[in-house]
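Right, one structure below, let's go through it.
None of the figures in this text is laboratory data; all of them are computed from the coordinates on show. Everything numeric in this text was worked out from a predicted model, so none of it was measured. Here the Cβ positions follow ideal geometry from the backbone for every residue, glycine too, while neighbour counts run over all protein chains shown.
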Amino acid sequence: MRFTPCPKIDVHAHALLNRDLEYRTSIDISPEELLDIYDRIGVERGVLQPILSPEWITAPMTNGNTCAIARRWPDRFYWFFNLDPRTLANLPDTDFSDMIAFFRKLGAIGVGEVTANLYFDDPMVDNLFTQIEAAGLPVTIHIGPTKGGCYGLVDEVGLPRMEKMLKKHPDLVILGHSQPFWAEIDAGCTQETRGLYPTGKVREGRLAQLMREYGNLHCDMSANSCYNAMRRDPDYAYRFIEEFGGRMLYAADTCLPACNTYMYDMVRWLDESAAAGCISKKNYRAICRENAIRVLKLPLPLEP
Ligand SMILES: [Zn+2]
């Protein structure tokens with residue numbers, strides 16, 4: 001039987017509205033460039049995520065600019081708004097309800113990507129989570145391995161601080177992402193390697209345990225961090241997908257189109273793995289688009 005690839009929904013995208021007016025470093029992509037890639041690799045739609053925290057970027061993607069891109073291509077983009085936990089008062093009891101209501105009214109369907117280099121269970125992060133949990137919005141988080149020298153919510157090996165937040169906010173859908181997140185696929189995860197792309201056979205690690213224990217934890221499959229985690233031991237990856245495919249979402253996180261080859265690689269790997277029967281048809285379709293439609297409540301039919 002001939003294999004028909006399932007169109008993808010990319011749940012982790014970035015784009016700069018006025019690219020040429022920005023001082024660009026780690027993110028340098030226009031919406032047109034992103035759509036061109038989507039057309040080539042079979043991505044139906046993307047979910048744009050602004051980045052506002054100053055860590056590691058020089059050209060913040062504002063909520064307004066991101067909304068403007070989504071309005072210009074309403075049949076290709078959805079969008080999240082972003083909210084650095086330090087916004088406004090830099091206090092753990094800041095009331096964000098007006099801001100949350102404002103951006104929801106403009107059509108934002110989630111929050112992220114949270115990249116502030118604060119501890120994962122910092123009172124200000126906890127405060128943000130409490131308020132977006134109450135609003136029923138999902139959040140995409142980037143985990144950083146250290147305080148300083150990187151971006152992302154800080155956690156230690158084993159992700160104890162993330163676990164604390166998963167437990168405290170059971171109705172908050174957390175989409176986990178980044179190297180220190182995916183390095184936890186393996187029990188041998190160490191501080192020395194978890195900020196990189198560790199290789200070698202996988203022994204079940206913290207990630208599977210946390211996924212089993214917390215139904216609100218979801219996997220954002222973007223970037224080389226996930227691609228590497230899947231490819232380092234495909235047999236384990238197929239078992240991981242068999243068990244958790246209902247909470248894994250295809251994503252690309254394309255920042256520098258010229259060197260981000262993983263977005264093509266992941267599409268190819270998913271398609272080839274499904275064609276070879278290593279990933280069930282059900283999980284393949286779930287990962288490519290159905291989980292995104294369900295988790296992000298997208299107004300799309302399940303059938304592409
Ligand atoms: Zn990102």
Original post:
Under the definition of Cα pairs under 8 Å and six or more residues apart, what whole-number percent is the relative contact order of region 164-304?
Top reply: 21
Original post:
Mind checking the log10 I(q)/I(0) for the chain at q = 0.07, 0.14 Å⁻¹? Debye, one equal scatterer per Cα, no solvent, two decimals.
Top reply: -0.24, -1.04
Subject >> Charge dipole (debye, nearest 20) of region 198-291; +1 at Cβ of Lys and Arg, -1 at Cβ of Asp and Glu >> reply: 140
**OP:** Can you put E192, E204, E113, E55 in order of Cβ neighbours within 10 angstrom, beginning with the fewest?
**Re:** E192, E204, E55, E113
Original post:
Among R231, R40, R71, which one shows the biggest mean-square fluctuation in a GNM of the chain, springs joining Cα atoms closer than 10 Å?
Top reply: R40
Original post:
Once amide H atoms are placed 1.01 Å from N in the peptide plane, what residues at a sequence separation of 5 or more from C219, or on another chain, have their amide H within under 5 Å of its amide H?
Top reply: G176, M248, L249
Original post:
Can you list the HN-Hα couplings for region 150-160, worked out from phi with the Karplus curve (6.51, -1.76, 1.60; θ = phi - 60°), rounded to whole Hz and with x for Gly and Pro?
Top reply: 7, 10, x, 5, 8, 8, 8, 3, x, 6, x
**OP:** Sort largest first and round to whole Å: the equivalent ellipsoid semi-axes of region 93-234, each the square root of five times a Cα gyration tensor eigenvalue.
**Re:** 27, 15, 14
Original post:
Could you name the lysines in cross-link range of K167, using Cα to Cα under 24 Å and dropping any fewer than eight places away on the same chain?
Top reply: K147, K297
Subject >> Rounded Å value of the spacing that divides the Cα centres of region 130-199 and region 1-64 >> reply: 22
**OP:** Stick to the Cα atoms of region 234-281, pair each with every other, and give me the Kirkwood hydrodynamic radius in Å at one decimal.
**Re:** 11.8
Subject >> Inter-probe distance in nm under a simple model that places probes 7 Å from Cα toward Cβ, at A134 and M99 >> reply: 1.5
Original post:
Can you give the relative contact order of the chain as a percent, counting alpha carbon pairs under 8 Å and 6+ residues apart?
Top reply: 17
Original post:
Using a simple charge model, +1 on the beta-carbon of Lys and Arg, -1 on the beta-carbon of Asp and Glu, nothing else, what dipole does the chain show about its Cα centre, in debye to the nearest 20?
Top reply: 660
Original post:
Along the principal axes of its C-alpha atoms, what lengths does region 1-140 span, in descending order and rounded to whole Å?
Top reply: 55, 39, 28
Subject >> Structure-based [θ]222 nm, the chain - -39500 (n - 2.57) summed over DSSP H runs of at least 4, per residue, nearest 500 >> reply: -10000 deg cm²/dmol
Original post:
What order, most packed first, do the peptides 25-34, 3-12 have when packing is the mean number of other Cβ atoms within 10 Å of each residue?
Top reply: 3-12, 25-34
Original post:
For the chain, which cysteines have no disulfide-compatible partner, meaning no other cysteine Cβ under 4.7 Å?
Top reply: C67, C150, C189, C219, C226, C255, C259, C278
**OP:** Could you calculate the FRET efficiency of L196 with L256 from 1/(1 + (r/R0)^6), where r is the beta carbon distance between them and R0 is 22 Å, rounded to 0.05?
**Re:** 0.75
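Using DSSP, restrict attention to beta bridges with both residues in the chain and report what percent are antiparallel, rounded to the nearest 5.
5
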